[in-house]
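To start, the structure itself, in structure tokens.
Throughout, read-outs are computed from the coordinates displayed, never taken from laboratory work. Please read all numbers here as calculations on a predicted model, not as lab measurements. Cβ placement follows ideal geometry from the backbone for every residue including glycine, while neighbour counts extend to all protein chains displayed.
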Amino acid sequence: MKILIVNGPNLNLLGTREPEIYGSETLADICSRIDRSASEKDVQVSHFQSCIEGDIVNSVCTAKDDFDGIIINPAAFTHSSVALRDAISACGLPVVEVHISNTHKREGFRHISLTAPVCVGQIMGFGSYGYLMALDALLYCIKHRVA
Ligand code: DQA
């Protein structure tokens with residue numbers, strides 16, 4: 001089982017970026033936690049982060065040959081990217097959307113996700129633990145063919 005973890009713009013700044021909202025862990029810390037959890041489950045994960053919309057779209061579009069599912073935090077592209085939504089919809093893999101913060105508690109423009117409707121499900125508001133929840137949820141969906 002191989003899972004692709006995609007993180008969008010500014011998530012490379014975790015650790016110093018608005019820690020009162022996103023916590024003090026770096027993206028590398030979070031990736032290590034995901035790796036540990038995945039190896040306990042005998043799952044391989046690959047990590048990809050970019051601030052460039054097209055690179056994220058490409059990572060999703062080309063995942064089918066190498067991966068069984070995707071966990072994505074599209075960050076600000078959640079609220080703006082029709083291209084990413086279309087890529088998720090077309091990629092032919094189950095995709096789980098994660099947000100560290102509860103975007104519904106925040107500014108109005110964060111209440112809309114263009115990407116969530118084409119994902120299997122969305123997990124938000126549980127800090128970085130959401131990525132571990134997403135891994136369990138995605139494995140469940142793959143095993144039970146929940147789409
Ligand atoms: C975020 C929420 C988005 O609204 C924001 O643009 C981010 C991070 C989160 O993980 O809480 O960059 O996706």
_the chain, Rg to Rh (Cα coordinates; Rh as Kirkwood inverse mean 1/r)_ = 0.93
_With the cut-off at 1.5 for a/c, could you classify region 22-69 from its C-alpha gyration tensor as rounded, prolate or oblate?_
oblate
*Sticking with the crude label model, points 7 Å out along Cα→Cβ, report the distance from Arg145 to Cys51 in nm, one decimal please.*
4.4 nm
*In whole angstrom, note down how far apart the Cα centers of region 75-109 and region 6-61 are.*
14 Å
*What are the DSSP H helices in the chain that stretch 15 Å or more along their long axis, judged by alpha-carbon atoms, and whose average Kyte-Doolittle hydropathy comes to at least 0.0?*
129-144
*For peptides 56-62, 10-16, sequence by mean Cβ density within 10 Å, most packed first*: 56-62, 10-16
*For region 1-41: span of alpha carbons on each principal axis (Å, largest first)*: 34, 18, 13
*Would you please state which residues of region 118-147 a label at Ser32 would reach in this model, taking the label point 7 Å out along Cα→Cβ and a backbone N cut-off of under 16 Å?*
128-129
*Amide H to amide H under 5 Å from Gln49: which residues, 5+ apart in sequence or cross-chain, H placed 1.01 Å off N in plane?*
Asn7
*Which Cα, out of Ile123, Ala63, Ile3, lies furthest along the positive dipole direction of region 2-143 (beta carbon charges, K/R +1, D/E -1)?*
Ile123
